[in-house]
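Notes for the one structure printed next.
The values are calculated or read from the model by the stated rules, or taken from the named source; none is laboratory data. Just so it is clear, the structure is predicted and the values come from calculations on it, not from any experiment. Cβ sites come from the backbone with ideal geometry, for glycine too, and all protein chains shown count toward neighbours. The area values use the complete protein model at the heavy-atom level, side chains included, leaving out ligands, DNA and RNA. Shrake-Rupley method; radii C 1.70, N 1.55, O 1.52, S 1.80 Å.
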Amino acid sequence: MSLKGLKPDSKLNESSAYDPRKMRCIIAEDPDWSLEIVPLLSDLCLKEIIKVFADYPIIEGLLPKHRKRLIENISTEIPLHITTPLIDDEKYWERCCKARWRLCNIVGYGNSWKRMFFERHLEEIIENFIPGVTEPADLNEALNLAAGIIKRLEIRQLLPPVKEPTEGDGDFSDTGSESGLEDLHSGHFNFASVVSKLSNLEEFLVTYRVRNCGMNFEWNLFLFTMQDCELLSKCLSTCKTLRVVHIQQSKIDDVRCKIIASAFVDHPALDVLDLSYNVIQDRGAKALAKLLNGQSKLSVLRLINNCIREKGGQAIAAALKNNTTLRHLNLRLNQVHFTLT
């Protein structure tokens, strides 16, 4: 029987099984061949955008779902001058923080990952800055990119400048005079260039010391010089948004305490001053009493573990008679023995 005389059924003609082109399946001899569907063109384009984002940053014009995928997949190693102005998404900055630091708690940073990243980034730059040696390029870049984001700085160490040894320089003993050390010490990092650009800075915490110095211990690593004190006091007094100042464990004596107190006499916003774990004595306490007697708006003053005695305590007590703003005063671990009447 000849097949030429048969007319194909219309229903069979419409069936895919009838079409010999759809009845056969040829698998090429390719070990990478798979039955996966060819990716969408949009997916291929997005993959390429992610791959070359550092060289060709494109984010505007993407659909929300594509933007989300982009932020989830781009590298956290891309230079900050590229990502900072383009990306505000907290998910990306969360990835950046967790990739850089093992412990990350955003509670103290207004629950903002981006703020946390730049505050800690700037803190690390300052803590590792050696005056006269470190180039300020990274510092200036961080300030230019995120000056308006930073509200709090906590500096846990400051490195001293490097001084080349000269003939006649001897080893200072543990009992060496502090004035002799200051003659060899030209001062730590100058905060004036930083504070002047931080228009929203509210909290400033600093300790003049070097952490983990080990066998390289020298007294000048823990020296808060007069130059340091004068420069720091001057720049903090000009920061009108500052509410909290902590300067602890920095060997602040009476002279330095007077300089700091005078800098904040007319400050419009300072609310908390913490000078704990220093060496402030009665004359320094009297300078702080004058601060309380003036136009200061301080509500918290902490002077824990200093060297204040009876006369200094009496001066502070007398200032409290006319002060209406102070709500918390801590003189713990001082040698103050008197009764308030």
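For the reader, a short list of remarks on this structure follows.
- Within region 295-341, tally of residues that are open to solvent by 50 Å² or more (accessible area, probe 1.4 Å), among the hydroxyl-bearing types (Ser, Thr, Tyr) and touching a Leu at 6+ places or on another chain (Cβ under 7 Å): 0
- Some residue of region 248-263 being farther than 16 Å from Phe224 by Cβ and open to solvent by less than 40 Å² (accessible area, probe 1.4 Å): no
- Leu292 vs. criteria open to solvent by 20 Å² or more (accessible area, probe 1.4 Å) and among the hydrophobic types (A, V, I, L, M, F, W, C): no
- Residues (in contact with a helix residue (DSSP H, G or I) (Cβ under 7 Å, 6 or more places away or on another chain) and surrounded by fewer than 16 Cβ atoms within 10 Å (Cβ to Cβ)) located in region 73-85: Asn73, Thr76, His81
- Total residues in region 305-341, condition assigned to a loop (DSSP other than H, G, I, E, B), under 35 Å from the mean Cα position of the chain (by Cα) and over 14 Å from Val272 (Cα atoms): 10
- Just one of the listed residues (Ile126, Ile150) is buried (at least 19 other Cβ atoms within 10 Å of the Cβ) and touching a strand residue (DSSP E or B) at 6+ places or on another chain (Cβ under 6 Å), namely Ile126.
- Applying a threshold of 9 Å to beta carbon distances and a minimum spacing of six or more residues, or different chains, the list of pairs starting in region 79-104 at a residue that is of a type in the set (Gly, Ala, Ser) and ending at one that is part of a loop (DSSP other than H, G, I, E, B) and open to solvent by 100 Å² or more (accessible area, probe 1.4 Å) reads Ala99/Glu77.
- A single entry from Lys65, Lys114 fulfils the requirement of being open to solvent by less than 90 Å² (accessible area, probe 1.4 Å) and either in a helix (DSSP H, G or I) or farther than 30 Å from Pro161 by Cα (or both): Lys114.
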